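Trainee: Take a look at this one; I'll ask things after.
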Amino acid sequence: MIRISREDFDEAVDDALDSLPEEIARAIAQANVVILVEQEPQQQRTAGTELLGLYEGVPLDQRSVFDGYAQPDRIFVFRGPLQRVATSRDHLVREIAVTVLHEVGHLFGISDERLHELGWG
């Protein structure tokens with residue numbers, strides 16, 4: 001388990017977002033989505049696995065101009081599980097980046113299977 005300060009963790013999340021191409025970053029900014037760092041998820045996926053991140057909302061490819069006002073979509077990045085799976089600080093920073101990219105991928109309607117193929121699993 002690797003522990004870093006909340007400030008350093010948040011900075012790693014910001015760095016992952018900053019690494020995205022400008023057009024992707026612009027789409028995220030316009031998508032009515034908030035990115036939150038939480039200590040722990042409220043639910044676990046399955047026994048023995050850690051839930052590192054979660055996307056809640058309607059993917060961009062499924063939205064309609066007729067939907068009207070909606071609450072912001074949310075991307076959660078879970079600090080506790082990410083720190084538990086990391087074996088070094090560099091590994092933690094890489095896992096944070098992969099988690100952020102994975103959940104942003106869901107915002108764009110990309111399936112888990114395809115995200116794993118792309119190395120964002």
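Trainee: I'm trying to understand the selection: among the residues of region 20-34, which are in contact (Cβ under 8 Å) with a residue 60 or more places away in the chain and either touching a Lys or Arg at 6+ places or on another chain (Cβ under 8 Å) or not in a helix (DSSP H, G or I) (or both)?
Mentor: Filtering region 20-34 down to residues in contact (Cβ under 8 Å) with a residue 60 or more places away in the chain leaves 20, 24, 27-28, 31, 33.
Across region 20-34, the qualifying residues are L20, A31, V33.
Trainee: Which of the residues spanning region 62-102 are within 25 Å of Q42 (Cβ to Cβ), modelled with pLDDT of 95 or more and among the acidic types (D, E)?
Mentor: Answer for region 62-102, where residues must be within 25 Å of Q42 (Cβ to Cβ), modelled with pLDDT of 95 or more and among the acidic types (D, E): just E95.
Trainee: Follow-up question, since we're still on this one. Does region 75-106 hold any residues that are closer than 16 Å to A25 by Cβ, among the hydrophobic types (A, V, I, L, M, F, W, C), in contact with a helix residue (DSSP H, G or I) (Cβ under 6 Å, 6 or more places away or on another chain) and part of a helix (DSSP H, G or I), and which are they?
Mentor: As a first pass, look at region 75-106 and keep what is closer than 16 Å to A25 by Cβ: 75, 97, 100-101, 103-105.
Within this subset, residues satisfying the condition of being among the hydrophobic types (A, V, I, L, M, F, W, C) are 75, 97, 100-101, 104.
Now narrow it down to the ones that are in contact with a helix residue (DSSP H, G or I) (Cβ under 6 Å, 6 or more places away or on another chain): 75, 97, 100.
If the condition is that a residue be closer than 16 Å to A25 by Cβ, among the hydrophobic types (A, V, I, L, M, F, W, C), in contact with a helix residue (DSSP H, G or I) (Cβ under 6 Å, 6 or more places away or on another chain) and part of a helix (DSSP H, G or I), then A97, V100 are the ones that fit.
Trainee: Could you list all residues from region 80-121 that are within 14 Å of the chain's Cα centre (by Cα), of a type in the set (D, E, K, R) and surrounded by fewer than 19 Cβ atoms within 10 Å (Cβ to Cβ)?
Mentor: Those that are within 14 Å of the chain's Cα centre (by Cα), of a type in the set (D, E, K, R) and surrounded by fewer than 19 Cβ atoms within 10 Å (Cβ to Cβ): R94, D112.
Trainee: Using beta carbons and a limit of 9 Å, which pairs, at least six apart or on different chains, have the first residue in region 45-72 and among the charged types (D, E, K, R) and the second one modelled with pLDDT of 65 or more and assigned to a strand (DSSP E or B)?
Mentor: The qualifying pairs are E50/F78; E56/D73; E56/R74; E56/I75; E56/F76.
The values are calculated or read from the model by the stated rules, or taken from the named source; none is laboratory data. As the structure is a prediction and not an experimental result, all values here were calculated from the model. Note: ideal-geometry Cβ built from the backbone for every residue, glycine included; neighbour counts use all protein chains shown.
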